[in-house]
Amino acid sequence: MTSPAARHTDAQALIAQESKFSAHNYHPLDIVLSRGEGCWVWDTDGNKFLDCLAAYSAVNQGHNHPRLVKALVDQAQQLSLTSRAFRNDRFGPFCEKLATLSGYDKVLMMNTGAEAVETALKAARKWGYEVKGVADGAAKIMVFSGNFHGRTTTIVGFSDDPVARTGYGPFTPGFVTVPYGDMAAAADAFGPDVVAVLVEPVQGEAGVIVPPADFLQGLRKLCDDNKALLICDEIQSGLGRTGTLFAHTQAGVRADAVTIGKALSGGMYPISAFLADDEVMNVFTPGSHGSTYGGNPLACAVAEAALDVLVEEQLNERSTELGTYMLEKIQAMASPHVAEVRGLGLWIGVQLKPEAGGARRFCEALKQQGMLCKETHEHTIRFAPPLVIEKSEIDWALERIAAVLA
């Protein structure tokens, strides 16, 4: 057995090792990271980089936030897992904190974002049969083009991304797909068997797509008029990324249920949750849904600290202020390659023209300048730094973005 001290530190050797022994289901930038602090990371050669992806918004609180590290270590030394077969002393207090902060009656804890979405789908269907009165097996859920809700076979079945879904059928029926942001199409496609609308308030993987201002309001009214649930997937957009706890509230609406994950742990541990009021959550009875690790004491301790950091360090407010500043600066940059710049909070998508040659080469160039970001859907560069970033660090980044885009 190789000791930690004897591990390879040579980046090329580590990349070759990964290529040989790991499935090739990712195409990462060729950089091997070994340390992180705040909004900065270091590679195995000691080079320092500004993290402008934040692990797809999981590291909103910054890398290795000391309060999160302490919560993880302290709880790991006490009790890590009981399963839900027994009660633990961290579960109830955390559920109360999250329910109170979010404004929902109840919390159902899971581990990953995809699990939270699967929980939402199960809740919507069961609610449709038991509360709305849809005929058994007839429930439909409305989703939108460009969506990304996870990687399970059910979820990729209602994706329209060929890379995500090709080769994984046959798929689960019961989904109706309409164009994102198109309220008229949603109204036309709505039928009596639609039990829920599942929507991302901002589509992250699609390229930070912000819908028209009245879109979520229209969906809210459509659900109210047809006795259906509005479920907002806030796994990437929530917990401060767009400047508020939940992005959908900026449209002046309240969802019937919400899925969260990623920043719920601040990057320390897989944690997710489904949030809803009693009318929806009470469809779950003992044995009807669960998870061995969901709600474990280690997760509860870490998530409680992550929420405290979010509130006490005013990360929502920082995201609004610094995100507005960064967005305006990038929008003002002169570049022959840029078609559009869009964003909300500290979440910005730079849409490149097709003739620019793809976003990957720009991300490679930014890496050479000391910045790490990732392309999405070939032609979009996405910027999403940890919310603890300082204005001076944003200015540092803006200089490099301007140079690369020019």
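No lab work stands behind these numbers, since they all come straight from the coordinates. Just so it is clear, the structure is predicted and the values come from calculations on it, not from any experiment. Using ideal geometry, Cβ is built from the backbone for each residue, glycine included, and neighbour counts are taken over all protein chains shown.
Scanning the range 337-365 for residues that are over 15 Å from residue 202 (Cβ atoms) and in contact (Cβ under 8 Å) with a residue 60 or more places away in the chain gives 337, 338, 363, 364. Considering only residues in the range 127-138 that are of a type outside the set (Val, Ile, Thr) and outside any helix (DSSP H, G or I), the one that is surrounded by the fewest Cβ atoms within 10 Å (Cβ to Cβ) turns out to be 136. For residue 180, are the conditions met, namely being part of a loop (DSSP other than H, G, I, E, B) and touching an Asp or Glu at 6+ places or on another chain (Cβ under 9 Å)? Yes. Remark: pairs (first residue in the range 222-242, among the small types (Gly, Ala, Ser); second residue assigned to a strand (DSSP E or B); Cβ separation under 7 Å; 6+ apart in sequence or on different chains) = 228/194; 228/195; 228/196; 228/197; 238/260. The residues on offer are 124, 99, 114, and the sole one that is part of a helix (DSSP H, G or I), among the small types (Gly, Ala, Ser) and surrounded by fewer than 20 Cβ atoms within 10 Å (Cβ to Cβ) is 99. All conditions but one from (1) crowded, with 16+ Cβ neighbours inside 10 Å; (2) within 23 Å of the chain's Cα centre (by Cα); (3) of a type in the set (Gly, Ala, Ser) apply to residue 213; the one that does not is (1).
All of 186, 196 fail the test of being in contact (Cβ under 8 Å) with a residue 40 or more places away in the chain, over 22 Å from the mean Cα position of the chain (by Cα) and either surrounded by 20 or more Cβ atoms within 10 Å (Cβ to Cβ) or in a loop (DSSP other than H, G, I, E, B) (or both), apart from 186.
Test residue 171 against the criterion of being in a loop (DSSP other than H, G, I, E, B), of a type in the set (Phe, Trp, Tyr) and within 22 Å of the chain's Cα centre (by Cα), and give yes or no. Here the answer is no, as residue 171 does not meet what is asked.
For the range 315-332, taking the residues that are of a type in the set (Val, Ile, Thr) and out of contact with any strand residue (DSSP E or B) (no Cβ under 7 Å at 6 or more places or on another chain), the one that is nearest to residue 402 (Cα to Cα) is identified as 324. Cβ-Cβ contacts under 8 Å between residues 6 or more apart (or on different chains), taken from a first residue in the range 135-154 that is without any contact (Cβ under 8 Å) to a residue 40 or more places away in the chain to a second residue that is in a strand (DSSP E or B) and not polar (S, T, N, Q), are listed as 145/178.
For the range 379-404, the set of residues classified as in contact with a Pro (Cβ under 9 Å, 6 or more places away or on another chain) and more than 21 Å from residue 43 (Cβ to Cβ) consists of 379, 394, listed by residue number. Considering (1) within 23 Å of the chain's Cα centre (by Cα); (2) part of a helix (DSSP H, G or I), the lone condition that residue 389 does not fulfil carries the number (2).
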